[in-house]
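The values are calculated or read from the model by the stated rules, or taken from the named source; none is laboratory data. Just so we're clear, the structure is a prediction, and the values are computed from it rather than from any experiment. Using ideal geometry, Cβ is built from the backbone for each residue, glycine included, and neighbour counts are taken over all protein chains shown.
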Amino acid sequence: MAKKRAREADGATEAPDKMVEDSDSSDDEDFDMVNVDFEWFNFNEKVDFHGTKNLLRQLFDVDASLFDVSALTDLILSQSSIGSTVKTDGEESDPFAFVTALNIQEHRQKKPIGQIIEYLSEKAKANQSLSPIPGLLTSGKHVGLILSERLINMPSDIAPPLYTMLIDEIKDAVEDKEPYEFTHYLIVSKTYHEIESTLDVEERKKKKGKQDATLYYFHPEDEVLQKHAVAYGSYPFTKTDDGVADSKRAFQEMGVMPMGSMILIEASKFADAIGAVGEYLNAPS
């Protein structure tokens, strides 16, 4: 049995075990309950390459082509005891979610990490709220780069156990003298705005809609994590255009414009931040 599943069975982690789907929008119909068992596993180089790579592409969105995503995937899979995948059909199936932490200083000479350092530094320099990040990335300090992504319809309450297990694994690795004693954690994530669509031009002119300045979160836990951050903020993707927004159109008259985001948290405050995430996402509705 995989390590993650064994921990769950021992009661160390309470994981969500079902999703609910409405099979009919009518109020006259009963809800169909669909039980889905989520299993937590270590990364497996033999089966997780394509699934992890696809999730990384989703995380970096249109800018994924700026990185050697295959090499980044290989690096993540090579440290199988740090981080987790979430699956629903056994270890041989594709992951629906993952989280990992990479030591930026330890791997800075490797191509994918060098690319990410350069990319994140340039994005942070253009946003005053992210100003501490470029200097930190070149300071020689051991910064943990946290990459986490999940399929869009995965329930957000899988996030607390993912992060809790990550904290435990990093603690164990430090006790074993492995290079995971971080000063900070840098979480790479995504946000979005709803914007006026470039489609239906005449209709848009009549209604004179304006861009919605409200910031939304693909990962609800990010809104909690940033409250514990030294620095946080969003940045536009390099390859973003109006066509991207229309391709991700959420409503009839609005497009979705995704953006990258960074959240920098001191290592000493990370466990409390994850605890707050758990309280927020598991709070009774």
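Within the range 247-256, one or more residues are part of a helix (DSSP H, G or I), at pLDDT below 95, within 29 Å of Lys125 (Cβ to Cβ) and over 17 Å from the mean Cα position of the chain (by Cα). Can you tell me which residue in the range 227-246 is modelled with the lowest pLDDT, limited to those that are in a loop (DSSP other than H, G, I, E, B) and touching an Asp or Glu at 6+ places or on another chain (Cβ under 8 Å)? Here the answer is Lys239. Here Lys111 meets each of (1) among the charged types (D, E, K, R); (2) within 15 Å of Glu39 (Cα to Cα); (3) surrounded by fewer than 18 Cβ atoms within 10 Å (Cβ to Cβ) with one exception, condition (2). The set of residues in the range 181-217 that are in contact with a strand residue (DSSP E or B) (Cβ under 8 Å, 6 or more places away or on another chain), at pLDDT 95 or above and either more than 30 Å from Leu137 (Cα to Cα) or in a loop (DSSP other than H, G, I, E, B) (or both) comprises Phe182, Thr183. Condition check for Ala15 on (1) assigned to a loop (DSSP other than H, G, I, E, B); (2) modelled with pLDDT of 95 or more; (3) not β-branched (Val, Ile, Thr): one failure, at (2). Tell me whether the range 88-101 contains one or more residues that are touching a strand residue (DSSP E or B) at 6+ places or on another chain (Cβ under 9 Å), assigned to a helix (DSSP H, G or I) and surrounded by fewer than 20 Cβ atoms within 10 Å (Cβ to Cβ). No, the conditions are met nowhere in the range 88-101. Among what's in the range 264-282 and is within 18 Å of Leu145 (Cβ to Cβ) and not in a helix (DSSP H, G or I), pick the residue that is farthest from the chain's Cα centre (by Cα). Per the stated criteria, the residue is Glu266.
The set of residues from the range 132-149 being out of contact with any Leu (no Cβ under 6 Å at 6 or more places or on another chain), farther than 11 Å from Met262 by Cβ, not in a helix (DSSP H, G or I) and not charged (D, E, K, R) comprises Thr138, Ser139, Gly140, His142, Gly144, Leu147, Ser148.
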